[in-house]
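I am attaching a structure below and will ask some questions about it afterwards.
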């Protein structure tokens, strides 16, 4: 079936450090891939997405590239800020049982210290 | 603020009881999705409605049901509650029927079953 595996957290970084959160997926067909962010006490927000191989999604300094050969969609940011502290979810959209559904990873909690 | 509202914010009830969670989508959005977020299962898709009709089903228990009304608000009914149903329940809305359209998440309803 379709599934997403992302690195276990929590991740703690100092401000201006480089961030990588690994995400790999298993899917039949050609899924779309997403990163969502959940700030404390809020619902999820779409951070970026990519719909086909070699696409790069980017937003707010975050980037992720759809790598079909390694079935990966790693999230990166060159210089994190305290305000980036949140839980990050990798997700895929794929057809399951005749309709498309989002399948999420377990989430990675990021804490950025000043 | 995503524009999606959910009530109540918190709900505490006993095992065996029944509760109703309510969701109002963003203005103009026709799709409503329900998700369950728990520590052990992560974030799981439950069910989707589009313009009043059930569109897709995920890992929704038979004790759970949902509907979308003509004004497009949606309700998730949970019955014969068990301790394991304690979770954060999110509603999301989007303008279109499939997952290529961005989903906007509400702040969630935290259900505690004692």
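The values are calculated or read from the model by the stated rules, or taken from the named source; none is laboratory data. Since this is a predicted model, take the numbers as computed values, not measurements. All Cβ positions, even for glycine, are placed from backbone atoms using ideal geometry, and neighbour counts span all protein chains on display.
Can we say residue A:73 is crowded, with 16+ Cβ neighbours inside 10 Å and within 21 Å of residue B:2 (Cα to Cα)?
no
Another question about this same structure. I'd like to check which strands (runs of 3 or more DSSP E) are fully inside region A:21-114 and have at least 2 residues that are within 24 Å of residue B:49 (Cα to Cα) and within 14 Å of chain B (Cβ to nearest Cβ).
Ranges flagged: A:32-38, A:44-50, A:86-96, A:99-104.
Let me ask another. Would you check if residue B:18 is modelled with pLDDT of 95 or more and within 10 Å of the chain's Cα centre (by Cα)?
No; evaluated as a whole, the condition is false for this residue.
So if I check each of A:102, A:92, which one is within 30 Å of residue B:9 (Cα to Cα), modelled with pLDDT under 95 and within 10 Å of the chain's Cα centre (by Cα)?
Exactly one residue qualifies, and that residue is A:92.
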